[in-house]
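Worksheet: the structure to be examined is printed underneath.
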Amino acid sequence: MQNINSEFVMPIMNPTLATATTSKNNDGDNQVKKTGDSSSLPNLVSIERQSNFLEAQMNHHKHVTLYHSRRNNFDSIDQDCRKTVSPELALEMTKADKREVGLIRRFDASSGEFSRLSAEMTASRKSSLGLIEKSIDDWDVSDLTRAEYYLAEIRKLKQRVLKEREKRIRQDELVVEKIIQAKKTLEEDIFLAC
């Protein structure tokens with residue numbers, strides 16, 4: 001156990017063997033360099049330090065570098081869009097409001113015109129009815145007597161037509177009887193001659 005502990009566990013877990021220095025490379029990023037020989041087993045403390053260092057770099061990149069990049073690149077585009085699109089939207093909204101007001105105004109004008117025409121037609125119809133009622137009320141007694149005279153004449157003509165009709169029906173019956181008698185006599189004469 002002592003050998004395993006001294007040969008395997010201690011080199012891996014020993015913090016003194018995990019001494020590492022950080023230096024900057026040409027890109028400005030921090031880099032970890034291991035001190036010690038490369039043939040030895042990796043040290044856990046050294047690996048943990050490297051992972052912490054990489055995590056710190058990732059957090060720096062995420063919270064600082066990306067923030068500044070977004071601010072420099074995307075925020076300027078966003079501001080440009082806001083400067084150009086907002087006035088365009090305001091202009092379009094103003095145009096849409098004007099169109100809507102124009103439509104409402106035309107609708108109100110049309111409905112007013114139709115209301116006026118309806119009122120004129122109603123007034124015209126009532127005035128026509130009033131004129132007819134007035135002319136009926138203004139009929140004189142002479143007009144009534146004249147109307148009664150015409151009605152009496154019409155009755156007399158109707159009675160004459162009925163009498164004439166009865167006369168013609170009787171005459172037609174007599175003509176039909178004479179035709180039947182003449183036919184019978186002819187038939188008798190024909191049968192006698194045969």
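If Lys and Arg each add +1 and Asp and Glu each add -1, what is the summed charge of the other residues whose beta carbon sits under 13 Å from the beta carbon of residue 182?
-1
How high is the FRET efficiency from residue 88 to residue 66, r the C-beta distance, R0 30 Å, rounded to 0.05?
Plugging the Cβ-Cβ distance into 1/(1 + (r/R0)^6) gives 0.45.
Tell me the net charge near residue 157. Cut-off is 13 Å between Cβ atoms, residue 157 excluded, with +1 for each Lys or Arg and -1 for each Asp or Glu.
Net charge in that neighbourhood comes out at +4.
In whole angstrom, how long is each semi-axis of the equivalent ellipsoid of the stretch 144-193, when you take the square root of 5 times every eigenvalue of its Cα gyration tensor and sort them from largest down?
48, 4, 4
Straight-line reach from residue 163: which aspartates and glutamates fall under 18 Å, measuring Cα to Cα and dropping same-chain residues less than 8 apart?
Partners found: 153, 172, 173.
At 10 °C and 1.306 mPa s, what whole-number value in µm²/s does Stokes-Einstein give for the translational diffusion of the stretch 98-194, with Rh from the Kirkwood sum over Cα pairs?
73
None of the figures in this text is laboratory data; all of them are computed from the coordinates on show. Not measured: the values here are computed from a predicted model. Counting neighbours? That spans all protein chains shown, and the Cβs are built from the backbone with ideal geometry, glycine included.
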